[in-house]
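Student: Have a look at this one before I ask anything.
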Amino acid sequence: MTNYIEHVLFLTLEPMSEEAWEDLHATFMAMKGQVPGIVDLSIGKNISPERAQGCTHALRVLLEDQKALTVYADHPAHVLFKNKLRHQRPPICLDWNI
């Protein structure tokens, strides 16, 4: 059994241009090489709006352990990413051990 942490957010973001999306995506993906403890990550636009309860995007970060989640939360690369998000409503966030 591992001590990995799965960190998932469901987002309802303001509409954005394709260029803004590409920048947001690149900023998110760059965290894997910058934030210690990230094992894997993904982000994407929702393709099933009829079941999404208004959520437009989702992201997932797989982290080595609880300590890595703490480091991730305050890491400058994560703060940069969060500052680029323009929410229509607060995100839904779930974390669990796997």
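Student: With only Lys, Arg, Asp and Glu charged, each at its Cβ (+1 for the first two, -1 for the last two), find how big the charge dipole of region 32-90 is about the Cα centre; round to the nearest 20 debye. All intermediate terms of the calculation are to be shown ahead of the outcome.
Tutor: Working: 9 positive and 5 negative charges, 65 e Å.
Once rounded to the nearest 20, the dipole reads 320 debye.
Student: Spelling out what I want: for every residue of region 58-67, take phi, set θ = phi - 60°, compute 6.51 cos²θ - 1.76 cosθ + 1.60 (Karplus), and round to whole Hz; glycine and proline get x.
Tutor: In residue order, the calculated couplings are 9, 9, 9, 10, 9, 10, 4, 5, 4, 4 Hz.
Student: Run the accessible area of the chain with a 1.4 Å probe and give the carbon-and-sulfur part as a rounded percent.
Tutor: Carbon with sulfur: 56 percent of the solvent-accessible area.
Student: Let me ask another. Would you list which lysines come within 23 Å of K84, measuring only between C-alpha atoms, while excluding same-chain residues fewer than 8 positions from it?
Tutor: Result set, ordered by chain and number: K32, K45.
Student: If you roll a 1.4 Å probe over the heavy atoms of the protein chains, what accessible area per residue do you get for the chain, in Å²? Intermediate results must be reported in sequence, preceding the final value.
Tutor: Details: 6040 Å² over 98 residues.
Heavy-atom SASA per residue in the chain reads 62 Å².
Student: Let me ask another. What does the net charge come to around L63 if you take all other residues with beta carbon closer than 14 Å to its beta carbon, with K and R at +1 and D and E at -1? All intermediate terms of the calculation are to be shown ahead of the outcome.
Tutor: Working: positive: K32, R60, K67; negative: E6, D40, E64, D65, D74, D95.
Result for the local shell: -3.
Student: Positive end of the dipole of region 5-97, charges at C-beta (+1 Lys, Arg; -1 Asp, Glu), about the Cα centre: which of P15, L69, I47 has its Cα farthest in that direction?
Tutor: P15
Student: While we're here: Could you work out how far apart the two model spin labels at D95 and A30 are, taking each label as a point 7 Å from the Cα in the direction of the beta carbon, and quote it in nm?
Tutor: Once both label points are built, they end up 2.4 nm from each other.
Student: Here's a follow-up. So, counting K/R as plus one and D/E as minus one, what does the shell of residues with Cβ under 13 Å around L41 add up to?
Tutor: -1
Student: Then there's this: Hey, with R₀ at 25 Å, roughly what FRET efficiency would V39 and V79 work out to, going by the Cβ-Cβ distance, to 0.05? Let's see the in-between values first.
Tutor: Numbers: r = 20 Å, r/R0 = 0.81.
After rounding, the FRET efficiency stands at 0.80.
Student: Keeping all protein chains in position, work out how much accessible area C93 exposes to a 1.4 Å probe, and write it in Å² to the nearest 10.
Tutor: 70 Å²
Student: Sum up the charges of everything whose Cβ sits under 15 Å from the Cβ of A30, counting Lys and Arg as +1 and Asp and Glu as -1, but leave A30 out.
Tutor: Cβ neighbours under 15 Å give a net charge of 0.
Student: Taking K67 as the anchor, which aspartates and glutamates have their alpha carbon closer than 19 Å to its alpha carbon, excluding any fewer than eight residues away along the same chain?
Tutor: Qualifying aspartates and glutamates at Cα under 19 Å: E6, D40, D95.
Student: Please compute the Kirkwood hydrodynamic radius of the chain from all pairs of different C-alpha atoms, in Å with one decimal.
Tutor: So the Kirkwood estimate lands at 14.0 Å.
The values are calculated or read from the model by the stated rules, or taken from the named source; none is laboratory data. Predicted model, so just to flag it, every value in this text is computed and none were measured. With ideal geometry, Cβ positions are generated from the backbone for all residues, glycine too; neighbour counts draw on all protein chains shown. Accessible surface areas use protein heavy atoms only, side chains included; no ligands, DNA or RNA. Shrake-Rupley method; radii C 1.70, N 1.55, O 1.52, S 1.80 Å.
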